[in-house]
Amino acid sequence: MKKTGAQLLCEGLIHHGGTKIFGIPGGAILPLYGTLSQYPELEHILVRHEQGASHAADGFSRATGKPGICFATSGPGATNLITGMATAMMDSSPMIAITGQVSRPGIGKDSFQEIDITGASLPVTKHNYLVMNASEIPQVVKEAFYIATTGRPGPVLIDIPRDVFMEEVEFDSSYWKEEIEILGYNPPKFANNTQVDKAVKLIEKSNRPVILAGHGVIISHAYDELLKLAESVQIPVVTTLLGISSFPENHVLSLSFPGMHGVAWASLALDQADLVIAIGSRFDDRITGDTSRFATKSKKIHIDIDPAEINKNIEVDVPLIGNVKDVLNQLLPKLKPKTHIDWINHIDKLKSDHPSLKIKKTDDLIGQYVVKSLSDETKGQSVIVTGVGQHQMWAAQHYMYCSQNSWISSGGLGTMGFEVPAALGAKVGCPDKMVWSIAGDGGFQMTLSELATIVENNIKVKFALLNNNHLGMITQWQEMFFDEDYYANAYTANPDFVKLANAYGMKALSVDNNEDVRPAIREANAHDGPFLIDFKIKKEENVFPMIPSGQSVNELVEESIDGN
Amino acid sequence: MVTSNTGSRTVIALVQNRAGVLARICGLFRRQGFNIASLAVGRSEQKGLSRMTFVVEGPEEVVRLVAAKLDRLIEVVKVEDISDKEHVYREMVLIKLNADNEKRGEILQLANIFNVKTVDVGVDQMTIETTGDSKDIESLLELLEPYGVIEVMRTGRVAVLKSLE
Ligand SMILES: Cc1ncc(C[n+]2csc(CCOP(=O)(O)OP(=O)(O)O)c2C)c(N)n1
């Protein structure tokens, strides 16, 4: 049967379950938009900015594990996706971006809205395609989904010239059922058995083991395996920032997260361990600080699907290259139950000696208290999406993540502006889960135009805006590392966010004291629709503990000198 | 991380023969600030696949990281840093130089030890060709210098692992 390129693309998306699309049309991609109405299975959500489309697709991907799709036109539409693709790339989030391109005869001629997006997106995509014939579309779509979702996931971009969307080619739909294989692309599954045995020996010998659980646990859905490993051998678990919600934080073996703004006992446990089992984590510099002083007393086992991660930042003793879930299943039957009572008692002592998560008593409204209240009111069951900055760290520290895959944050790229569209995408992906976006007034204003998208589609996201009228994290760094030489850190003309939300047609409340925090959260939760709470928090408030950049646990600052 | 001495390293990659592959690969070297000292690309014995030989200057660990990242590229089928393995390599050079009738014989005699072939002869210039390792080529160029070298065109290095003895 004859089909157009646009029809082939739509069928491909449907066949692979990529039916939620975030996008904005434009000249080069209009032939695709002209086809969408023929496919009611495809749900297109019209956003307000392509960066929003990309983060929404990413939020959808992270929340569901299935690739979110975004559409953009050529030129500026395509370049607006770059930040979102980079964010997804750094955090190994599967996502498919479709961009329109100028028609084939116009390519290379600086045509109107022509940009070499496959060139521009090289470093921020796992792979990308420029499709020069409609007949290639089915194979490209198939490969794109396969590549985006397997191995170490990541964003894939498909750039399609306008006339290729309209080109008609003969197509046999049975093609969709065919398996594909890509020469040289064989994501590893199981680890080398000799290495597995070596890992078993190290675990048997260890008296002070710690598991460092990363995003890979979540990506490979290895929650049960991780839990089994921790429980059967009694190994305490610290998570990376993106590993948050891979292990229930209300579990006795949970030590929360270590690193730059991690809790002291987690950083100390890593430092004092004799064995670190890193699972699907990449020893990011926010965790290690000075790599030469990181966890020096320990042997290291590193489970990762990406061979390029092995020995990249930290030299390890036993690399286990494979899919986290499969490797853990290789390991588990070989491990005998064990206890580490002294070690766990020791860590309990670290916890009581360094009460990192204690919220100080103050009449001022502070972000920590807001997050803690949100955690209590939602019983640790909400999906939390954040921006980047102080509010992100408080959200990581003071929310008790009890439900799997409930933390969505830009860890690798640290993209402000993620908090609004990613929350939108996450809620579209999980309409039955509660989704709270914990936002800073800085990042919120980068992408708040998506409030219109949220209201238009009645996407029931709740916003806890931790509004300090400052780029809080910048203020903190200027205070601590630049002799309080404050510059470009204050937002002195913030809008009235309640009025702003109302203007978009969203319900909103403002809270400026401790008593009103919980009732406001309850009201937001009870409301059947999107909701914003503008928490007017104290601006002079820092995130602690802190290990300054490039330092080690020896330089950990538990709190500021003035008791802040 | 301990960094070893910076030296030149030879990396071989088997890649799909498609548009844009070279740009992807070079992008990874560029990101590390590596200069690609030489690069040779050509079809391999397998249909649709090309083989590339890179010579790059950089610390071993960083080259190892780049090689691992190269392997991550979808179109790269296989990568190997062969610097520490026994391998043989060759480069080829075309040299155009001043050579009137009088000098020509002299040049050829000199060059004979280097297995040189004449590829083009003009009124008072000639072009010769040779293959060898970099050192051979350097010495030949040095030897020819006094005659007036007009243009030197060198290929990148091509390398293969030695067969088992
Ligand atoms: C797109 C982007 N620009 C700049 C930064 C640098 N940056 C990191 S944190 C921060 C301040 C964030 O302010 P806000 O969103 O209000 O959050 P707060 O720290 O006050 O909680 C800035 C500017 C960034 N991470 N992302």
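The values are calculated or read from the model by the stated rules, or taken from the named source; none is laboratory data. Just so we're clear, the structure is a prediction, and the values are computed from it rather than from any experiment. Please note: Cβ atoms are built from the backbone with ideal geometry, for glycine as well, and neighbour counts cover all protein chains shown. The protein model used for the area step is the full one, side chains on, heavy atoms only, and it has no ligands, DNA or RNA in it. Shrake-Rupley method; radii C 1.70, N 1.55, O 1.52, S 1.80 Å.
Within the stretch A:43-91, restricting attention to residues that are outside any helix (DSSP H, G or I), of a type in the set (G, A, S) and open to solvent by less than 10 Å² (accessible area, probe 1.4 Å), the residue that is farthest from the ligand (Cβ to nearest atom) is A:S74. The set of residues from the stretch A:432-442 being in contact (Cβ under 8 Å) with a residue 12 or more places away in the chain and surrounded by fewer than 24 Cβ atoms within 10 Å (Cβ to Cβ) comprises A:K433, A:M434.
Residue check: is A:I211 open to solvent by less than 70 Å² (accessible area, probe 1.4 Å) and assigned to a loop (DSSP other than H, G, I, E, B)?
no
When you go through (1) away from chain B (no Cβ under 14 Å); (2) surrounded by 21 or more Cβ atoms within 10 Å (Cβ to Cβ) one by one for A:P155, which number turns out not to apply? All conditions pass for A:P155, except number (1). Total residues in the stretch A:377-395 satisfying the condition of being away from the ligand (no atom under 12 Å from the Cβ) and within 28 Å of A:E225 (Cβ to Cβ): the figure is 8. With B:V62, B:V76, B:V21 as the choices, which residue is at pLDDT 95 or above and more than 28 Å from B:G132 (Cβ to Cβ)? Testing whether each residue is at pLDDT 95 or above and more than 28 Å from B:G132 (Cβ to Cβ) leaves just B:V76. When the stretch A:296-323 is examined, which residues are found to be assigned to a strand (DSSP E or B) and within 13 Å of another protein chain (Cβ to nearest Cβ)? Within the stretch A:296-323, A:D304, A:P319, A:I321 qualify. Among the residues of the stretch A:341-358, those identified as surrounded by fewer than 16 Cβ atoms within 10 Å (Cβ to Cβ) and under 28 Å from the mean Cα position of the chain (by Cα) are A:P355, A:K358. Applying a threshold of 9 Å to beta carbon distances and a minimum spacing of six or more residues, or different chains, the list of pairs starting in the stretch A:468-486 at a residue that is more than 14 Å from chain B (Cβ to nearest Cβ) and farther than 20 Å from A:W394 by Cα and ending at one that is modelled with pLDDT of 95 or more and near the ligand (Cβ under 9 Å from one of its atoms) reads A:Y486/A:I474; A:Y486/A:T475. Give the stretch A:397-431 a look and list any residue that's under 14 Å from the mean Cα position of the chain (by Cα) and of a type in the set (F, W, Y), or say none. Selection gives A:W407, A:F418.
Of the residues making up the stretch A:254-295, those that are of a type outside the set (G, A, S), more than 14 Å from chain B (Cβ to nearest Cβ) and part of a loop (DSSP other than H, G, I, E, B) are A:L255, A:F257, A:P258, A:M260, A:H261, A:V263, A:D274, A:D284.
Against the condition open to solvent by 30 Å² or more (accessible area, probe 1.4 Å) and either under 19 Å from A:T453 (Cβ atoms) or not in a helix (DSSP H, G or I) (or both), how does A:P519 come out, does it pass? Lay out the reasoning, then the answer.
On the way: open to solvent by 30 Å² or more (accessible area, probe 1.4 Å): yes; either under 19 Å from A:T453 (Cβ atoms) or not in a helix (DSSP H, G or I) (or both): no.
Answer is no for this residue.
Considering only residues that are under 30 Å from A:V327 (Cα atoms), small (G, A, S) and away from chain B (no Cβ under 14 Å), which ones fall in the stretch A:167-192? Within the stretch A:167-192, just A:A191 meets the criteria.
Residues are listed down the side, and each one gets a yes or a no for (1) in contact (Cβ under 8 Å) with a residue 12 or more places away in the chain; (2) within 8 Å of another protein chain (Cβ to nearest Cβ):
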{"site": "B:R24", "(1), (2)": "yes, yes"}
{"site": "B:I36", "(1), (2)": "yes, no"}
{"site": "B:Q46", "(1), (2)": "yes, no"}
{"site": "B:R51", "(1), (2)": "yes, no"}
{"site": "B:R72", "(1), (2)": "no, yes"}
{"site": "B:E80", "(1), (2)": "yes, no"}
{"site": "B:H87", "(1), (2)": "yes, no"}
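Going by what's in this entry, would A:G259 be described as modelled with pLDDT under 95 and either over 21 Å from the mean Cα position of the chain (by Cα) or open to solvent by less than 10 Å² (accessible area, probe 1.4 Å) (or both)? So A:G259 fits the description; yes.
Screening A:T99 on (1) closer than 27 Å to B:L22 by Cβ; (2) touching a Gly at 6+ places or on another chain (Cβ under 8 Å); (3) part of a helix (DSSP H, G or I) shows it passes everything except condition (3).
Checked against (1) within 13 Å of the ligand (Cβ to nearest atom); (2) closer than 21 Å to A:G367 by Cα; (3) more than 22 Å from the chain's Cα centre (by Cα), A:A464 meets all criteria but (3). With respect to A:A426, is the statement that it is open to solvent by less than 10 Å² (accessible area, probe 1.4 Å) and within 16 Å of the ligand (Cβ to nearest atom) true? Taking the combined requirement at face value, the residue does not satisfy it.
When the stretch A:105-148 is filtered for residues that are farther than 20 Å from A:G26 by Cβ, away from chain B (no Cβ under 14 Å) and open to solvent by 20 Å² or more (accessible area, probe 1.4 Å), only A:S135 remains. When the stretch A:355-392 is filtered for residues that are touching a Ser or Thr at 6+ places or on another chain (Cβ under 9 Å) and closer than 21 Å to A:A266 by Cβ, the ones remaining, listed by number, are A:S356, A:L357, A:S375, A:G380, A:I384, A:T386, A:V388, A:Q390, A:Q392. Starting from residues that are at pLDDT 95 or above and in a strand (DSSP E or B), keep the ones in the stretch A:522-555 and report whichever is surrounded by the most Cβ atoms within 10 Å (Cβ to Cβ). Looking at residues that are at pLDDT 95 or above and in a strand (DSSP E or B), I get A:F535.
Right, A:T447: in the same structural domain as A:I408 (by TED's automatic domain parsing), polar (S, T, N, Q) and under 23 Å from A:A422 (Cβ atoms) or not? Yes.
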